[in-house]
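Below: the structure, in structure tokens.
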Amino acid sequence: MRGMLHSYSSLECFNQCPLKFNNMYLKRTKKGSYVEGAPAFLGRRVHESMEKLYKDIRDMKKDSLEEIIGYYSDVWDNKWDDRIILPKKELTAKDYKEKGVKFITDYYNRFEPFDQDKTLGVEKRISFKLGKKKHKLVGMIDRLAIKDGYYEVHDYKTNAFMPKEEELKKNWQLALYSMGIMQMYPDVMKTKQIWHYMAFDEDVVMEKSKKELKQLEKDTVNLINKIENYKKTNNFSATPNRLCDWCGYKKTCPEYKN
Ligand code: SF4
């Protein structure tokens with residue numbers, strides 16, 4: 001397939017399991033019935049609330065904490081489906097909903113009046129090209145901001161665990177987006193990658209050097225070339241991993257055991 005659009009999600013999917021990648025992004029096979037878990041549902045609703053908060057700020061309207069929590073509660077109630085999986089016996093849907101209220105409240109209280117930076121885009125779609133073959137990549141940045149000459153790529157996390165710094169250094173999603181921003185806006189000289197771990201009310205900030213970003217570009221191009229080679233042989237093997245239980249293709253997967 002020529003001119004395929006790649007994204008961090010599609011490339012990570014390939015790293016995780018080539019068969020799942022083939023089903024999802026090349027064959028576009030319809031997924032089997034799939035119901036998301038409460039943690040993913042919680043993450044989506046918190047993201048929507050942060051989107052509203054910063055879109056309103058960009059439009060010169062500062063929502064009160066009550067307004068944002070009210071918005072969160074409404075979208076939660078409107079979208080909740082009783083088939084959503086509660087992965088821990090001891091936690092009810094109400095417990096998950098309240099977690100989100102706490103995440104948003106802590107964040108709001110720490111950053112209000114939200115004048116630490118200037119928001120340039122919320123849920124900002126980016127599109128850029130890499131390597132000699134001009135592979136096309138797309139991505140979605142939770143929030144793009146500018147501060148002290150740095151373009152900041154912000155990402156909101158609702159995970160129940162906080163990764164070690166070493167693991168985050170290996171995470172290449174926000175670095176890839178930084179690379180995209182530098183390509184899309186030639187005036188951008190410096191970028192930062194900022195993860196907001198909302199369950200811990202903590203942020204992790206990183207800055208990749210130009211050399212590191214160059215290396216990332218090479219690695220990403222190599223990964224895309226590897227996918228092109230898999231396409232030639234059509235040998236997309238199933239690779240069982242910790243996310244198999246959540247895979248929409250497990251029913252037809254030769255390696256899925258349960
Ligand atoms: S169930 Fe696991 S091994 Fe099978 S396709 Fe899905 S991710 Fe790959």
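The table below gives the values:
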quantity: Among the residues listed as 48, 67, the single one being touching a residue at least 24 places away in the same chain (Cβ under 8 Å), among the acidic types (Asp, Glu) and not in a loop (DSSP other than H, G, I, E, B); calculated: 48
quantity: Matching residues in the stretch 180-199 - criterion: being exposed (fewer than 15 other Cβ atoms within 10 Å of the Cβ) and either free of Cβ contacts under 8 Å to residues at least 40 places away in the same chain or among the basic types (Lys, Arg) (or both); calculated: 185, 186, 187, 190
quantity: Extreme residue, farthest from the ligand (Cβ to nearest atom), among residues of the stretch 233-246 that are hydrophobic (A, V, I, L, M, F, W, C) and at pLDDT below 90; calculated: 246
quantity: Options 249, 177, 230: the member that is more than 16 Å from the ligand (Cβ to nearest atom) and touching a residue at least 40 places away in the same chain (Cβ under 8 Å); calculated: 177
quantity: All positions within the stretch 213-240 that are polar (S, T, N, Q) and on the phi < 0 side of the Ramachandran plot; calculated: 215, 220, 222, 225, 229, 233, 235, 237, 239
quantity: Number of the condition not met by residue 42 [criteria: (1) under 20 Å from residue 77 (Cα atoms); (2) at pLDDT below 95; (3) away from the ligand (no atom under 16 Å from the Cβ)]; calculated: (2)
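The values are calculated or read from the model by the stated rules, or taken from the named source; none is laboratory data. These numbers come from a predicted model, not from an experiment. Cβ atoms come from the backbone with ideal geometry, glycine included; neighbour counts cover every protein chain shown.
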